[in-house]
1. Quick check for me: using +1 on Lys/Arg Cβ and -1 on Asp/Glu Cβ, what's the dipole size of the chain about its Cα centre, in debye to the nearest 20?
2. Could you work out the pair-distance distribution P(r) of segment 1-122 from its alpha-carbon pairs, with 10 angstrom bin width and percents rounded to whole numbers?
3. For segment 74-150, compute the orientation-averaged projected area of the C-alpha convex hull (one quarter of its surface), in nm².
4. Tally the DSSP beta bridges in segment 89-156 and give the antiparallel ones as a percent, rounded to 5.
5. Using θ = phi - 60° and the Karplus relation 6.51 cos²θ - 1.76 cosθ + 1.60, list the HN-Hα couplings for segment 173-178 in order, rounded to whole Hz, with x at every Gly or Pro.
6. Let me have the relative contact order for the chain, percent, based on Cα pairs under 8 Å that are six or more residues apart.
7. Past 30 Å, Cα to Cα, is the threshold; run 20/118; 7/151; 146/166 against it and keep the listed order.
8. Write down the Kirkwood hydrodynamic radius of the chain, to one decimal in angstroms, obtained as one divided by the mean of 1/r over all alpha carbon pairs.
Amino acid sequence: MAFTEIKHPLIIDKLTRMRKTETSSKDFRENLSEISQLMVYEIFRDLKLESVDIETPVSKTTGYTINQPVVLVPILRAGIGMLDGIQKLVPTARIAHIGLYRDEETLETHQYFAKTTKDIDKSYVIVVDPMLATGGSACKAIDIVKQWGAKEIKFVCLVAVEPGIKRLQEQHPDVEIYAASKDEKLNGKGYIVPGLGDAGDRIFGTK
C-alpha cells in the first residue's frame, strides 16, 4: 500500500521545533500532539459516512455523519503522545494498547503488554508510534491487531526512513503508512537520522 508524507508548513515548523536538542519535554509533547492533530484530516479521509435527515434553522436537508467506529492503538510508550491530538477531533475513538520494547543490542522487538477493545474487527484502526525506524515494532503491532481481527488498518508516525517503510510494506502490504517526514537513514544503532532522538525519553523526560 501507499506511503504518504503529509507535508504542510505548520507540520514542518512544529517538527523542526521537536528536532532541536534544547526543546523541553513540555514543548516536545505539545508539538507532537499538534502535529498528530494536523495529520488527522488526511488519515481519516476514507472514513465511512451515512446520510441523515436534519433540520437547520432555515430548512430541512440531508447531512452526513461518521458511521464507522474508530480504534486508536498506541505502541507504548511513545505512541501515547500522539493520542491527545487525534482524540480532540475524534473524541469517540476507543483505545487499545500494545506494549513493545526493542533490544538495544539485537534490535529485536519484544511484547510485554496487549489489550484490545470491542468490535475492532468492524473498526477503522490506527496504529500510532512517533518513529518508523527498522519497522520491527510497527510490524509486530500490526501482527497483533490482525490477530485481534482488525481488517482496515493504517500506521501513522511522525518520522520514517526507507528500511522501516520497506519492511512494513513487505510484511503488511495492505496497510497504508502516513508520516510527517521521511528522513535520511538509520545509524548503526538503529536510530533515525536526523530524527528526533528517543521519542519516549523526550516525551516523558526520562533517560
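Each value in this text was obtained by applying a stated rule to the coordinates, not by laboratory testing. These numbers were taken from a predicted model, which means no experiment stands behind them. Counting neighbours? That spans all protein chains shown, and the Cβs are built from the backbone with ideal geometry, glycine included.
1. Here the size comes out at about 240 debye.
2. 11, 29, 34, 18, 6, 2, 0
3. 5.0 nm²
4. Antiparallel bridges make up about 55 percent of those DSSP assigns within segment 89-156.
5. These are the phi-based 3J(HN,Hα) values: x, 8, 9, 6, 10, 10 Hz.
6. Relative contact order here is 23 percent.
7. In this structure, 20/118 exceed 30 Å between Cα atoms.
8. 17.6 Å
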